[in-house]
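The values are calculated or read from the model by the stated rules, or taken from the named source; none is laboratory data. The shown structure was predicted, so the numbers you read here are calculated from the model rather than taken from an experiment. With ideal geometry, Cβ positions are generated from the backbone for all residues, glycine too; neighbour counts draw on all protein chains shown.
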Amino acid sequence: MIAILSLLSLVAGFSILICAENRELFLRINRIFFLTGGELWANVTVLGDTLVASLVLMLFLRRKPELVWAAICTGAIGGIAVQSVKAIVCEPRPLSVYAEGTIGHIGPHLHSFSFPSGHTATAFALAALLAWAYPHWYARIAFFAYAILVGISRVVVGVHWPVDVAFGAFFGLVSAWLGVFIAQKYPAGSSPIVMKTAGLLLLAGAACCVFLEAAGYTEGMPAQRFIGSAAIVFGGREFASLWR
């Protein structure tokens with residue numbers, strides 16, 4: 001499934017480039033901002049923030065440590081790949097092309113390093129990892145629906161082009177595949193000491209999400225605080241069980 005989705009994201013990305021529809025497609029999707037309001041999409045887009053998204057892993061520290069270890073490997077691979085490509089391509093963001101006020105925008109005023117979308121990569125990587133751990137068809141639909149919504153939100157809030165989202169999905173999916181491969185080849189990373197360390201870091205991250213504007217979106221604080229609070233309450237139980 002990951003192979004098919006990776007291929008589809010590549011086809012979508014290159015189709016946008018070949019047909020020169022990137023800016024026109026951006027304007028069409030960005031109109032959603034004016035129809036629904038930016039606050040809704042700010043709360044969706046924070047779900048693709050690496051810190052916020054990673055808090056889901058607290059639910060699996062004891063019951064599925066192999067998933068957490070695969071996510072750690074995925075994060076390392078995807079983070080290096082996405083940030084390296086951003087630095088090399090240095091694509092200007094929509095706010096560098098369109099005057100502020102002419103497009104829908106909410107959140108940080110970003111002007112460069114657009115390609116690919118890191119939030120989209122994170123969302124698709126997480127969706128792929130969860131789909132690997134829970135292969136039921138209905139669960140997979142939910143996981144990838146989340147990832148697609150995060151990708152759309154990056155265009156609606158005015159910080160990414162559609163092509164950034166398409167290739168962000170590709171990077172996320174491939175990173176997840178590689179992360180799972182490495183985690184299965186070197187399973188020692190799912191040991192209790194690694195899970196306890198990860199749990200401590202995730203608890204600190206959850207606290208940051210509750211008390212700080214960690215994801216950079218003031219309007220997205222309700223979703224950020226909800227995820228942070230849920231991670232502390234429910235993930236905290238999972239973390240505590242590691243020490244019994």
Yes/no for Asn22 being under 16 Å from His119 (Cα atoms) and surrounded by fewer than 20 Cβ atoms within 10 Å (Cβ to Cβ): no
For residues that are among the small types (Gly, Ala, Ser) and at pLDDT 95 or above, scanning just the stretch 207-234, find the one that is nearest to Arg63 (Cα to Cα). Ala231
Taking the stretch 92-128 as the search range and keeping residues that are within 20 Å of the chain's Cα centre (by Cα) and among the hydroxyl-bearing types (Ser, Thr, Tyr), which one is farthest from Asn30 (Cα to Cα)? Thr122
Residues of the stretch 65-112 being exposed (fewer than 13 other Cβ atoms within 10 Å of the Cβ) and hydrophobic (A, V, I, L, M, F, W, C), which ones? Ile80, Ala87, Ile88, Cys90, Ala99
Condition set more than 18 Å from the chain's Cα centre (by Cα) and touching a residue at least 12 places away in the same chain (Cβ under 8 Å), scope the stretch 201-210, selection farthest from Leu110 (Cα to Cα): answer is Leu203
Would you point out the residue of the stretch 129-148, among those that are over 15 Å from Phe167 (Cα atoms) and within 15 Å of the chain's Cα centre (by Cα), that is surrounded by the fewest Cβ atoms within 10 Å (Cβ to Cβ)? Ala145
Residue under evaluation Val46, criteria (1) more than 21 Å from Cys209 (Cβ to Cβ); (2) β-branched (Val, Ile, Thr); (3) in a helix (DSSP H, G or I), criterion not met: (1)
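Per-residue answers, yes or no, for (1) modelled with pLDDT of 95 or more; (2) in a helix (DSSP H, G or I); (3) in contact with a helix residue (DSSP H, G or I) (Cβ under 9 Å, 6 or more places away or on another chain):
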site: Leu10; (1), (2), (3): yes, yes, yes
site: Ile29; (1), (2), (3): yes, yes, yes
site: Thr74; (1), (2), (3): yes, yes, yes
site: Val85; (1), (2), (3): yes, yes, yes
site: Ile103; (1), (2), (3): yes, no, yes
site: Gly107; (1), (2), (3): no, no, yes
